[in-house]
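Here is the structure we will look at.
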Amino acid sequence: MEDIWLMVLSTLASAIRLACPLVLAAMGGILAERSGIVDIGLEGKMLAGAFAAATTASLLGSPWLGLLGGMAAGVFFSMLHGVATIRYRGDQVVSGMALNFFALGLTMVLGQAWFEQGGQTPALDAAQRFTPINLPGAETWARQIPVLGDFYRIVLSGHSILVYAAFAMPALLAFMLGHTRFGLRLRAAGEEPNAVDTAGVSVAGVRTLALTATGMLCGAAGAYISTAQNAAFSRDMTAGSGYIALAAVIFGKWRPLPVLGACLLFGLLTALEARLQGQSLPGLGTIPPQVFQVLPYVLTVVLLAGFIGKATPPKALGRPYVKER
């Protein structure tokens, strides 16, 4: 019985770690889409961020500089999206997909040209990575407090600082969107951009700031994957996480806290994939590992296909703003 309880706690801890990059990217997706910009390019920004972070950390020997490098790469890709969709009013879906393909090709070419390891960056040592942090009293509480002590030690403690920052982000974003002047303007830019313009506020400026923040969060998500979850960059290592984050944004109806719940659900499914492979389930026997591997993607398709009930996006989402004269 105790072994089952410890396995449940270990699975929950894995779900939190796996949900971290989804939470960061999804919060970025909320900012872009609540401002009126469709952002399918989350995947490309994450991938570029992962490559830039691993490269910077490898060359300069610091995970924090790697994080800055990843965030800078994410902002660069966001600005490309901004120029195409805000300045030249291009199709936002096409621009986002182009960014994803551009990031995939660019990271492969640069990785091979710079490091000659088949597109991978050199392996990072402990000093170049974000390592787990043990929260105060974790071991003591586990010995002295039944059940909750193990929950604190295994599930809540032992994550990198990026995980704790990621899980603080939804509350901060909810406060910003609901209680600050910039949040009000950002939501208005996605609902009634004419009203924002009439008030003397630049719609383009608000959307550009939102995309800048989106790039920073997606870059941080990529940095987590290459410098905390893994110890190097490898080709296409985000493996569709950006699309799953976008599905979580829609599933959570563009609200930070429900989106956090959706990301945790995806993280839990991915954690179960690893835990249940090769295990014999009562009445079902041993299920092929491919069934568990495909579960997060099946759920993504189901959510994006609209089987979650009515999801009402921001009114001006996907519509370039043209100033009336």
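Could you check, for the stretch 168-182, whether at least one of its residues is touching a Ser or Thr at 6+ places or on another chain (Cβ under 9 Å), assigned to a helix (DSSP H, G or I) and either open to solvent by less than 30 Å² (accessible area, probe 1.4 Å) or touching a residue at least 60 places away in the same chain (Cβ under 8 Å) (or both)? Even if it seems obvious, please write down each step before you answer.
Of the residues in the stretch 168-182, the ones touching a Ser or Thr at 6+ places or on another chain (Cβ under 9 Å) are none.
No.
Here ASN230 passes the criteria (1) closer than 14 Å to GLY49 by Cα; (2) in contact (Cβ under 8 Å) with a residue 40 or more places away in the chain except the one numbered (2). Could you tell me which residue of the stretch 99-138 is least open to solvent (accessible area, probe 1.4 Å), considering only residues that are polar (S, T, N, Q) and more than 22 Å from ARG235 (Cβ to Cβ)? Only one residue tops the list, namely THR131. If the condition is being touching a helix residue (DSSP H, G or I) at 6+ places or on another chain (Cβ under 8 Å), hydrophobic (A, V, I, L, M, F, W, C), open to solvent by 30 Å² or more (accessible area, probe 1.4 Å) and not in a helix (DSSP H, G or I), then the stretch 234-261 contributes only MET237.
From ALA138, ALA84, ALA126, which residue is more than 20 Å from the chain's Cα centre (by Cα), among the small types (Gly, Ala, Ser) and under 18 Å from THR227 (Cα atoms)? On inspection, the qualifying residue turns out to be ALA126.
Checking LEU22, LEU65, LEU9 one by one, the residue that is in contact with a Phe, Trp or Tyr (Cβ under 8 Å, 6 or more places away or on another chain) and surrounded by fewer than 20 Cβ atoms within 10 Å (Cβ to Cβ) is LEU9 and no other. Remark: pairs (first residue in the stretch 20-38, under 12 Å from ARG207 (Cα atoms); second residue surrounded by 24 or more Cβ atoms within 10 Å (Cβ to Cβ) and of a type in the set (Lys, Arg); Cβ separation under 8 Å; 6+ apart in sequence or on different chains) = SER35/ARG207; GLY36/ARG207; ILE37/ARG207.
Which residue, of ALA165, ALA142, is closer than 18 Å to LEU18 by Cβ and either open to solvent by 40 Å² or more (accessible area, probe 1.4 Å) or without any contact (Cβ under 8 Å) to a residue 24 or more places away in the chain (or both)? If you could, list the steps in order and put the result at the bottom.
Values: ALA142 fails: closer than 18 Å to LEU18 by Cβ.
Only one candidate qualifies: ALA165.
Could you go through the stretch 37-54 and let me know if any residue there is over 22 Å from ALA239 (Cβ atoms), of a type in the set (Gly, Ala, Ser) and open to solvent by 10 Å² or more (accessible area, probe 1.4 Å). No, the stretch 37-54 contains no residue that is over 22 Å from ALA239 (Cβ atoms), of a type in the set (Gly, Ala, Ser) and open to solvent by 10 Å² or more (accessible area, probe 1.4 Å).
The values are calculated or read from the model by the stated rules, or taken from the named source; none is laboratory data. A quick note: this is a predicted structure, and the numbers were derived from the prediction, not measured. No Cβ is skipped: glycine too gets one built from the backbone with ideal geometry, and neighbour counts run over all protein chains shown. What goes into the accessible areas is simple: the full protein's heavy atoms, side chains included, and nothing from ligands, DNA or RNA. Shrake-Rupley method; radii C 1.70, N 1.55, O 1.52, S 1.80 Å.
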